[in-house]
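Have a look at the structure below, then the notes.
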Amino acid sequence: MARLAVQGLRKSYGKVEALKGVDLDIAEGEFCVFVGPSGCGKSTLLRSIAGLEEIDSGTIAIDGNVVNTLRPRDRNIAMVFQNYALYPYLSVFENIAFGLRARKVPNAEIKSRVSNAAEMLGIEALLERMPRQLSGGQRQRVAIGRAVVRDALLFLFDEPLSNLDAQLRDGMRAEIKRLHQEIGKTTIYVTHDQIEAMTLADRIVLLRDGIIEQQGAPLDLFERPATRFVAGFLGSPQMNFVATHLDHVDGALTLIFDEGRKLPLDPARAAAFDKYRSRDVILGVRPEHIARASGGAPQKPADASINALIDLVQPTGTRTYAQFRLNETEITVELPSHSVEHPGTTIELLFDMSRVILIDPQTQHVIQG
Amino acid sequence: MSAVAEAPTPPQPASPIAGFVDRNFRWLLVWPSILVLLLIGLFPVIYSLFVSFQKINRRVSDTSFQGFYNYERLVTDERFWDSVINTGIMTGIALPLELVLGLLLARLFLESFPGRQILIALIVTPSVIAPFVAGAMWRLMFENIFGPINEIIRWIVGGTFDLLWLINDNPLIVYSAILTTEVWQWTPFMFLILLAAWSNVDKSQLEAAEIDGASGWRVFRRIIFPAIRPVVFVALTIRGLDLVRLFDIVYALTRGGPGNMTETISIYAYIKGFERFDISMTAAFAFVVIVSLSILVMVVLRRVGVTQ
């Protein structure tokens with residue numbers, strides 16, 4: 001169990017700056033996920049913490065001790081690699097025992113610790129096999145076993161599931177979460193998959209271009225994104241963004257679209273947006289916050305409706321995704337199955353205006369309100 | 001009758017021979033060239049086998065069958081066994097030395113640093129030189145009065161130092177001169193092959209081992225060496241065969257002397273064949289060497305599992 005504190009971390013490869021000053025505190029036992037598009041610096045950050053990359057400036061401290069100059073082996077961390085990095089010429093047992101042998105743990109203890117780890121991961125039957133005789137999922141378990149068998153302070157996972165097929169990935173994801181609940185070790189997990197980030201994390205650290213764009217609990221980031229990037233990155237299907245104009249219509253702040261379509265803002269939130277009156281803004285709305293108006297059902301006060309000509313219908317079984325054009329932008333709407341059957345129908349859609357966000361087009365920041 | 005077509009039968013060849021030709025046409029096309037290659041490749045071996053059972057030398061040319069006469073002379077010839085031992089000593093010392101030095105150099109050049117490419121090119125130069133030239137060069141280096149090696153030692157120890165490196169009663173001195181030259185010339189070859197293999201070892205395995213806290217030696221023994229093992233054995237086989245056939249360097253440095261102190265198998269065979277013109281015995285000599293080397297190589301390859 002350990003705390004991790006990173007301050008002012010910078011790292012560049014030649015002229016390319018991979019990390020441009022990262023500050024980060026991870027509490028004891030926390031499951032922290034670094035997420036972001038490729039090239040955002042998340043893996044570099046993880047490898048810097050592990051000591052596999054030399055950093056240019058800043059400090060990394062584990063439990064208050066600065067480890068900048070320590071070699072990876074002396075930082076007492078365990079790491080699971082994307083390609084598993086199993087030692088191909090050693091058996092599964094020896095793979096898991098490798099770190100213990102290197103640290104001169106007595107044989108009897110190695111035996112019991114390896115078999116405990118193997119039991120925890122359900123790979124007791126594989127201990128005598130060689131890595132090449134294992135399937136991808138089994139290899140992944142061995143790699144995790146190699147990490148948990150050591151009594152390390154920090155667990156680092158570098159995109160551990162990206163080489164597995166989709167079905168296996170879901171299972172392993174749940175297992176990693178359960179493992180963390182059992183062991184309770186401070187864990188850092190790197191992924192580019194926002195679903196993994198949402199489901200696993202106590203805290204998400206969203207990186208972009210070498211800086212932390214936003215960090216916090218998964219649902220906080222999901223519901224209260226600070227920037228357009230965060231809003232767009234989390235959630236599937238992605239949040240819709242439409243460039244529009246904000247102005248007074250009949251005394252109420254209203255978003256004005258083409259074909260005379262209008263969406264009045266939620267009166268409860270309108271005051272905060274008042275300074276953007278007569279300006280262009282970007283509307284952000286998640287597909288699940290748009291519904292089909294159903295004749296007589298009572299409307300929530302914040303709902304606003306527009307007409308939409310559906311031009312694409314994608315049923316997934318549980319839900320149906322429909323698209324229509326608004327201000328030259330394709331908007332995706334998530335509807336119950338069978339809500340729309342054919343493209344070409346015009347329907348009335350209700351926007352939940354209490355949950356939409358407005359974005360300043362200059363700063364790309366979400367307007368708080 | 002249904003409209004379903006019967007399975008089409010292949011056209012029947014006219015005669016059994018035509019059928020055979022039809023089925024094996026591709027092999028028939030390849031056969032002539034295989035035959036030619038076998039003839040070219042095996043003819044000298046078979047011819048020397050023939051000659052080795054005859055009695056041909058400078059004076060007599062008796063082509064009748066002599067049984068194992070030449071083989072008997074060979075195995076009872078002390079100078080032959082001396083040459084086998086000399087060759088064994090040179091191989092036994094030079095081969096591990098080149099391997100270890102090659103590994104150390106490869107380790108040194110694994111990470112990139114400024115000037116790496118140029119340094120690698122410079123290090124490899126000795127292997128580009130013809131071995132005989134290298135030998136001649138080092139004979140000048142070891143020259144007792146004007147040679148740079150004695151000169152450098154004179155700077156260090158001061159006063160006079162006049163060591164005869166190549167004509168010395170002490171085999172240690174003559175052998176170290178020969179082995180220096182041999183190792184100087186061929187370590188770069190090992191280095192280059194091992195560097196290529198070593199650079200291909202999966203980086204993340206090494207990183208995982210570093211995080212696991214393994215010492216450098218453990219990482220080498222458990223991860224790096226198993227990964228480069230096949231390449232190491234191929235390199236050892238190539239260099240080993242070269243060393244067993246060692247000729248140029250030694251001939252240029254000492255001509256096998258003083259006496260026959262440094263005479264290798266190849267040098268003795270050369271003397272027998274081209275200085276004494278004891279043709280039949282040389283043929284027996286060559287045949288014994290070929291057969292024993294072939295067996296050795298097969299055993300080695302099977303042991304290390306390269307052929308599987």
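What the table below lists for this structure:
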read-out: From the options B:VAL300, B:VAL291, residue that is surrounded by fewer than 20 Cβ atoms within 10 Å (Cβ to Cβ), free of Cβ contacts under 8 Å to residues at least 12 places away in the same chain and of a type in the set (A, V, I, L, M); value: B:VAL291
read-out: Enumeration of residues in segment A:149-167 that are among the small types (Gly, Ala, Ser) and more than 18 Å from the chain's Cα centre (by Cα); value: A:ALA152
read-out: Total residues in segment B:132-156, condition assigned to a helix (DSSP H, G or I) and either modelled with pLDDT under 85 or touching a Gly at 6+ places or on another chain (Cβ under 7 Å) (or both); value: 2
read-out: All positions within segment A:76-95 that are over 19 Å from A:ASN163 (Cα atoms), among the hydroxyl-bearing types (Ser, Thr, Tyr) and within 7 Å of chain B (Cβ to nearest Cβ); value: A:TYR89
read-out: Residue count, segment B:191-205 (criterion: within 12 Å of another protein chain (Cβ to nearest Cβ) and either part of a loop (DSSP other than H, G, I, E, B) or surrounded by 19 or more Cβ atoms within 10 Å (Cβ to Cβ) (or both)); value: 3
read-out: Residues located in segment A:25-49, provided they are hydrophobic (A, V, I, L, M, F, W, C), surrounded by 21 or more Cβ atoms within 10 Å (Cβ to Cβ) and within 14 Å of chain B (Cβ to nearest Cβ); value: A:ILE49
read-out: Residue check for B:PHE189: more than 30 Å from B:MET298 (Cβ to Cβ) and either among the aromatic types (Phe, Trp, Tyr) or not assigned by TED's automatic domain parsing to the domain that holds B:ILE89 (or both); value: no
read-out: Leading residue by the ranking (farthest from A:ARG47 (Cα to Cα)) among those in segment B:210-226 that are within 7 Å of another protein chain (Cβ to nearest Cβ) and buried (at least 17 other Cβ atoms within 10 Å of the Cβ); value: B:ARG222
read-out: Residue that is surrounded by fewer than 20 Cβ atoms within 10 Å (Cβ to Cβ) and within 14 Å of chain B (Cβ to nearest Cβ), where the choices are A:ARG71, A:ARG129; value: A:ARG71
read-out: Residue, farthest from B:PHE189 (Cα to Cα), within segment B:80-120, restricted to residues that are touching a residue at least 60 places away in the same chain (Cβ under 8 Å) and of a type in the set (Gly, Ala, Ser); value: B:SER83
read-out: Listing of strands (runs of 3 or more DSSP E) fully contained in segment A:282-361 that carry 1 or more residues being touching a Pro at 6+ places or on another chain (Cβ under 6 Å); value: A:303-315, A:329-336
read-out: Flag for B:SER176 being modelled with pLDDT of 90 or more, surrounded by 17 or more Cβ atoms within 10 Å (Cβ to Cβ) and under 15 Å from B:GLY257 (Cα atoms); value: no
read-out: Any hit, segment A:115-124, residues being of a type in the set (D, E, K, R), away from chain B (no Cβ under 11 Å), more than 30 Å from B:PHE225 (Cβ to Cβ) and assigned to a helix (DSSP H, G or I); value: yes
read-out: Boolean, B:LEU166 is at pLDDT 95 or above and surrounded by 15 or more Cβ atoms within 10 Å (Cβ to Cβ); value: no
read-out: Flag if B:PRO44 is in a helix (DSSP H, G or I) and in the same structural domain as B:PHE191 (by TED's automatic domain parsing); value: no
read-out: B:LEU101 touching a Ser or Thr at 6+ places or on another chain (Cβ under 8 Å) and outside any helix (DSSP H, G or I); value: no
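The values are calculated or read from the model by the stated rules, or taken from the named source; none is laboratory data. Predicted model only: the values in this text are computed from it and were never measured. Positions of Cβ are generated from backbone atoms using ideal geometry, with glycine treated the same way; all protein chains shown enter the neighbour counts.
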